[in-house]
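Before any comments, here is the structure.
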Amino acid sequence: MAEEQKKLFKVTIDNITIEVEPGTSILNAARKIGGDIVPPAMCYYTRLKGSGGKCRTCLVEVAAGSTADPRPMPKLVASCRTNVMDGMVVKNITSDKVIDARNGIVEFLLINHPLDCPICDQAGECHLQDLSYEHGLEGTRYEFPRRIFEKHDLGPYIQLHMTRCILCFRCVYVADQLTEKREHGILDRGDHSEIATYIKKSLDHDFIGNVIDVCPVGALTDRTFRFKNRVWFTKPVDAHRECNNPKCCGKVTLWYRGEEVFRVTARKDQWGEVDDWICNECRFEKKLTSDWVIEGPTMVNRHSVIAQGHYVGVEKPQEVLYDVLDGRKPRLFMDIHKISEVNEPGRDLSKIEGPAHSTDFVEHKNK
Amino acid sequence: MGRKLLLEKAAVEGIRSYEVYRREGGYLSVEKALKNMTPDQVTDEVKKSGLRGRGGAGFPTGLKWSFIAKPEGIPRHLVCNADESEPGTFKDRYLMEFLPHLLIEGLIVSSYALGSNTTYVYIRGEYAWILEILEQAIAEAKNNGWLGKNILGSGFDCEIYMHRGAGAYICGEETALIESLEGKRGNPRIKPPFPAVKGAWDRPTVVNNVETLAAIVPIINMGAEEYAKIGVGKSTGTKLISACGNINKPGVYEIDMTISVEEFIYGEEYCGGIPGGKRLKACIPGGSSVPILPANLLLKTAKGETRIMNYESLSDGGFAKGSMMGSGGFIVFDEDQCVVRHTLTLARFYHHESCGQCSPCREGTGWMEKILKNIEYGKGKHSDIDLLWDIQRKIEGNTICPLGDAAAWPVAAAIRHFRDEFEWHVNNPVECQQHNYGLAHYADALEPA
Ligand SMILES: Cc1cc2nc3c(=O)[nH]c(=O)nc-3n(C[C@H](O)[C@H](O)[C@H](O)COP(=O)(O)O)c2cc1C
Ligand code: SF4
Ligand code: SF4
Ligand code: FES
C-alpha cells in the first residue's frame, strides 16, 4: 500500500526554517533544529502525558500564526504546549520580549529557592542552575525570608527536599502514570503548595525511582547516592542487564568513580529527558560492575557540567550562529574588525612577509 | 428610570416559591423555546440580542454557544458558573437568593439551545444556604414538569445538578471549575483545547455566568430585537452592578447601560452619594481584578467625555486611562481611603488564591504582597515601587490563566495613578501609619489631552 505523503508544516524559528509533521509542538520543532534556539523546558517531559505549560520558561513569541492567518499571537505562548501551524514564524532568542519574560521567570523560580547548590546533590546536572547561569541576575532583589519545608525521607530510596522544588509537576505525573495507586501529589495551593507526603504510599512501587530522574532540581534525590560524590567527579558509562521486570528496559547509565559504581540512572537524551524508565531494582540494588554488561562511555548531554570534561562523544550545538545572527545580539562573539585595527578585512595577511606589525596596517590605511 | 428585566419581580412577596414565580409569568420562555423554536433558533436569538457574558470577560454569549462542538454520540454540558468570589462582586448571590427560579428557567432554555441533557451549577462553597434554595427550586421545577424526561412533550430531556465548591476563587476560572467539577484539584487547564471542544469529562462544554443565563429569559420572552434596543452600542440589555464601599446605599442595582458613572454614584435611585458629604477619591468599577481609577478619570474619560456605565465607555482609554466593566463589582473609595492599603488587601487576596501551577503567579503574587506590606507599614524604599512595577509586568500575560493578570492589574493601576501616594508612604514612614495621604489632586479636573 502506498503511504500517503503527509503534508509537512513549515515553521521558522529564529530565522531558521524547518519542516515538521503536523501536531509537533514549537519546542519539539526547535529541538529538531537544535543549538541555541531551543527554549529551555523545566516542566515539559516528552514521556509524561499532560506535562508542560506550567513553568513558563519555554515562552516564545509567535510573530505570525500561520500562512493562512499571519497575525501575531497577542501573548507569549508556552512552546511546549503550542503546536506549530504551517507558515508559523516564531521568535525565541531573537525576541527581546521573550528574553525579558524569561529573565523574569527565572527570577521567580529563584526567589524561594534555597540556592544551596554547594550541598545539593543535583549541582552540576541541575536544570535550574543552567537556567540561572544563562538568565539569572547576579544578585537577588528578593529581601524576604525564603520558603522552607522539612526534609522528608520518602521510603528507603528517595529523599524529598521540598524547599528546592519548583513545582514542575513532573514527579506527580510519574506517580500518576507509572504507578496505579494514586491521583495527586500536591497538597495546598499557591506558593505554599507542596508535594504531598502521602506520595509515600506509592513509594513501594517498582518504578517510583524514576521521579529522581525527572526532577529538574535537587528536590528528589537518590538516598543511596546522597553526599557520596559530586557528579562531575564521576564518569558515566552506558550499560545494560537482563532485567526480570518486564516493564523495565534494563538500559542504564552507571556513574563510576574509580572502580566503584556510585549510582545508577536511566539514560538521558541531550534535553535531559530519560530514554526509557528503569525499575527500582536496577537503580538501587545493582551497584556492582559484575551486574552489568558495559557498552561504553556515555554521550554526555549539554545539561551537565560533565560536558565540560574530556569524554569522547561530547555533543556540540549545531553551528547555527550565522543563521540566527540576524537580529540577535551574540553573547560572546564580536566583530573583531570593529574593535581592533589589526585585523582589517581589507588587508590580506598572507601577503605580508614575516610577522605582521602594526605599521603594516597604518600604511595600508594611509593608502 | 432604568428598565428592569431581571430584578423586576425580586420584591414580589414569595417570589422564591414556584407558585408565585409561575403566576408572575415564570417559565413562559421555556414554553416559547421548547414548543416554537429549534435549538439553533434560540442560539440565533441570543446572538442577535448582543448579550455579552456577565462573568467578567464580556465575550458575546451567542457566539460562544455557536462554537460548541457537536460530535455524534457524545453528550454536551452546560455549566453555570456560580462561584462568584471576586472581591466586590455579589450580584449573582442576590439573583440566586431572591429569584432562584429565574436562573433555573434560563438554564433550561440554554440547555435546550446547547443540547445539554445534564447541566451543572457550580456554586461557591460559602453560598451554602443558596445551594439549598436552588435545590429546592430545582425540585419544584422538576415536580412541575420543567425538568426530567421529555419536557413539555418536546422530546428534550434535562436534569440540573448542583455542585458545591470548596472555597477557592480559582475554581471560578472556567477550566479550573471543570477540573473541580470532575472531582480533581482546581487547577486551570492549559488552553487549547477550549471547553467548547473538550470540557467536562472531555465533552464539549459551555460555562456561563449566572447573570448571563438568567438574561436568556427576557431575551426569549421579549425577542432579541427588543432586548438589543436597551443600552447602547455593544452593551445591550441590562446589567447587574453590585455596589459597595463608601456609598450611602450599597447593594445590587440593575441598570441599563446608558447611565453615567456620576449618576450611578450620586443618583438617589442608585448609590445615593458618598456618606458624610465626603469627596470621591477613586473607584474600582468592575470587581477587584480591574484597574482602579482616580475620580478625575472615572467620571470623565481622558477625552473629556462623560463616562457611561457600559463596556465600551468604562474601557475607554485602555489600561492607561480607563478600566473595565468586568464582573460589575463597583467599589467606591472616599477621600479618607488609602490606596496603598487597599492594594495590599487585594495583593493578599490574589496571593492566597493563586493555584500555584505556574511560576510567575505562584511566586510573583506573594512577592508583591510582601513588598506592599513593607510600604504600607512604613518600611518601604523608593526602589520598591519600581520593583513592584517590574514584578507585575513580568506576571502579566505570562501565566496559564487570567488570575495572574488579575493580580497584576490592580497593582499596575494603583502605581500608575497613585504613585505619589506610594512615594509619600516611603517618605513619611511614621505619618503613613497615623493618617492617610488623602485626596491630593485625584479629583482635580485633568488637563485636556
Ligand atoms: C480567577 C478567575 C475567577 C473567575 N471567577 C468567576 C466567577 O466567580 N464567576 C463567573 O461567572 N466567572 C468567573 N470567571 C470567568 C470565567 O472564567 C468565565 O469566563 C465565565 O464564567 C464565562 O461566563 P460568561 O461568558 O457568561 O461571562 C473567573 C475567571 C478567572 C480567571
Ligand atoms: S519534586 Fe522535583 S519533579 Fe517534583 S514537582 Fe518538585 S521539582 Fe518537579
Ligand atoms: S495564573 Fe495563577 S491561578 Fe492561574 S494557573 Fe497560573 S498559578 Fe494558577
Ligand atoms: S516547559 Fe513549557 S511551560 Fe514549562
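The values are calculated or read from the model by the stated rules, or taken from the named source; none is laboratory data. These numbers come from a predicted model, not from an experiment. Ideal geometry is used to build each Cβ from the backbone, glycine not excepted, and the neighbour counts take in all protein chains shown.
Here are a few things to note about the model shown:
- Which listed residue is within 19 Å of B:Gly329 (Cβ to Cβ), surrounded by 18 or more Cβ atoms within 10 Å (Cβ to Cβ) and within 21 Å of the chain's Cα centre (by Cα), from B:Pro285, B:Pro250: B:Pro285
- Pairs, first at the interface with chain A (Cβ under 8 Å from one of its Cβ atoms) and under 15 Å from A:Val106 (Cα atoms) in the range B:349-376, second of a type in the set (Lys, Arg) and more than 10 Å from ligand 3 (Cβ to nearest atom), C-beta under 8 Å, six or more apart: B:Pro360/B:Lys394; B:Gly364/B:Lys394
- Boolean, A:Met73 is within 16 Å of ligand 3 (Cβ to nearest atom) and within 14 Å of another protein chain (Cβ to nearest Cβ): no
- Any hit, the range A:144-152, residues being outside the structural domain of A:Met42 (by TED's automatic domain parsing), within 14 Å of A:Met42 (Cβ to Cβ) and either more than 16 Å from ligand 4 (Cβ to nearest atom) or assigned to a loop (DSSP other than H, G, I, E, B) (or both): no
- In the set (1) out of contact with any helix residue (DSSP H, G or I) (no Cβ under 7 Å at 6 or more places or on another chain); (2) within 14 Å of another protein chain (Cβ to nearest Cβ); (3) surrounded by fewer than 20 Cβ atoms within 10 Å (Cβ to Cβ), A:Lys54 fails one condition alone, (3).
- All positions within the range A:211-230 that are in contact with a Lys or Arg (Cβ under 9 Å, 6 or more places away or on another chain) and more than 10 Å from ligand 2 (Cβ to nearest atom): A:Asp222, A:Thr224, A:Phe225, A:Lys228, A:Asn229
- Matching residues, the range B:179-221, being more than 14 Å from chain A (Cβ to nearest Cβ) and either free of Cβ contacts under 8 Å to residues at least 12 places away in the same chain or among the small types (Gly, Ala, Ser) (or both): B:Ala196, B:Gly199, B:Ala200, B:Ala214, B:Ala215
- Scanning the range B:117-164 for residues that are closer than 19 Å to B:Pro75 by Cβ and of a type in the set (Gly, Ala, Ser) returns B:Gly148, B:Ser154, B:Gly155.
- Those helices (runs of 4 or more DSSP H) lying entirely in the range B:1-99 with at least 2 residues hydroxyl-bearing (Ser, Thr, Tyr) and at pLDDT 95 or above: B:18-23, B:39-49, B:61-66
- Given (1) in contact with a Ser or Thr (Cβ under 8 Å, 6 or more places away or on another chain); (2) in a loop (DSSP other than H, G, I, E, B); (3) of a type in the set (Gly, Ala, Ser), number of the condition A:Ala68 does not satisfy: (1)
- Residue match in the range A:226-234 (condition: away from ligand 1 (no atom under 16 Å from the Cβ) and under 24 Å from A:Phe169 (Cα atoms)): yes
- A search for C-beta distances below 8 Å between a residue of the range B:379-402 that is under 15 Å from A:Ile105 (Cα atoms) and any residue that is of a type in the set (Lys, Arg) and away from ligand 4 (no atom under 16 Å from the Cβ), counting only pairs 6+ apart in sequence or on different chains, returns B:Leu387/A:Arg141.
- Selection over the range B:314-327 of residues that are closer than 13 Å to B:Val261 by Cβ and buried (at least 24 other Cβ atoms within 10 Å of the Cβ) gives a count of 3.
- Residues satisfying the stated conditions in the range A:153-188, i.e. within 13 Å of chain B (Cβ to nearest Cβ) and part of a strand (DSSP E or B): A:Ile186, A:Leu187
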